[in-house]
């Protein structure tokens with residue numbers, strides 16, 4: 001082995017030793033500021049996931065969430081994570097209206113962005129449970145993190161980032177020993193969707209595309225495994241067949257140029273504005289102006305922020321869904337079109 005190879009191996013070994021030392025002693029009394037008495041679960045529990053099965057022996061107090069929206073389910077169950085990954089650049093956490101009160105003054109340590117986890121920061125938090133549901137965590141990352149604390153990886157039988165919110169919520173509930181409470185939360189959201197469908201039976205007759213344009217000249221239609229389309233399907237809308245035909249299991253979007261705007265010509269088209277100029281750019285495109293959905297005024301532009309309706313359907317969690325239904329359903333119902 002070369003000298004440089006030895007140095008790399010020694011460096012990695014030293015890092016893992018420091019992580020293990022930092023992780024030792026994480027067994028401590030339950031912190032009631034993070035886990036109030038009413039949110040304590042029943043243990044031990046075993047949860048099956050993408051990389052096997054993990055047993056949580058006793059009540060976790062210091063929970064780290066590595067899925068982009070996992071913290072919402074944990075907060076909904078009454079527990080505040082000590083660490084989370086960043087998404088939507090929402091530092092400090094708690095700016096979304098559906099989570100502000102639940103975070104309170106205790107904000108989590110940011111331990112990464114998307115699937116780039118900072119092992120040293122995670123270890124320093126002395127976690128006793130690590131959750132990675134809405135994530136793309138690799139087996140190598142799982143193995144290293146499992147030396148720090150029990151890790152519940154992505155749901156089995158689904159592609160990464162493709163599991164429905166119900167399944168991810170159930171897995172978080174099982175891991176926290178609060179499966180019945182998680183089931184109650186899911187049932188409550190299901191009732192909200194059922195009420196919306198009953199009030200707007202016309203939705204079931206309409207095909208839907210949810211789209212975005214992250215940069216000029218490039219356009220994305222979200223597939224049926226994306227949270228935004230899952231949300232629309234639960235309102236009753238049908239996915240647009242041309243988008244389904246172009247979808248690939250490992251991707252949550254179909255990316256095209258304006259030459260393939262035919263993929264967007266559904267009964268209803270919802271655009272998420274990623275910047276202030278997005279709507280102007282799209283409406284100015286000569287191909288787009290010829291679409292039936294555009295000419296018939298059956299398209300709707302919503303924002304990711306201010307108000308964060310786009311963020312709410314992107315998270316699509318037990319906390320964000322009620323906000324999304326309240327904000328978006330009246331707008332969808334008002335699009336009459338022709």
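All of the numbers you see were taken from the coordinates with simple rules; none came from a lab. The shown structure was predicted, so the numbers you read here are calculated from the model rather than taken from an experiment. Using ideal geometry, Cβ is built from the backbone for each residue, glycine included, and neighbour counts are taken over all protein chains shown.
Relative contact order of the chain, taken over Cα pairs closer than 8 Å and 6 or more residues apart, is 15 percent.
Volume of the convex hull of region 58-150 (Cα atoms only), normalised per residue: 91 Å³. Remark on the chain: Rg and Dmax equal 21.7, 72 Å (Cα only). Annotation: the residues 214, 193, sorted from fewest to most other C-beta atoms within 10 Å of their own C-beta, follow the order 214, 193. Listed from fewest to most Cβ neighbours within 10 Å, the set 290, 181, 138 follows the order 290, 138, 181.
Computed from Cα positions, the angle between helix 320-334 and the longest principal axis of the chain comes to roughly 0 degrees. Taking every DSSP helix (H) stretch of at least 4 residues in the chain, weighting each as -39,500 (n - 2.57) and dividing the sum by the residue count yields a mean residue ellipticity at 222 nm of -11000 deg cm²/dmol.
Can you give the percent of C-alpha pairs in region 274-338 whose distance is more than 15 Å? Write out the running numbers ahead of the final one.
Working: 1225 of 2080 pairs.
The answer is 59 percent, as a whole percent.
Within the listed set 136, 177, 188, the Gaussian network model of the chain (springs between alpha-carbon atoms below 10 Å) gives the highest mean-square fluctuation for 188. Distances between every pair of Cα atoms in region 200-334, grouped in 10 Å steps from 0 to the bin holding the largest one, split as 12, 48, 36, 4 percent.
Provide 282, 56 in ascending order of the number of other Cβ atoms located within 10 Å of each residue's Cβ, fewest first. Show your work: numbers first, answer last.
Working: 282 24, 56 21.
Least crowded to most crowded, the residues run 56, 282.
Please report the antiparallel percentage of DSSP beta bridges with both residues in the chain, rounded to the nearest 5.
Details: 14 of 36 bridges.
Restricted to the chain, the bridges split so that about 40 percent are antiparallel.
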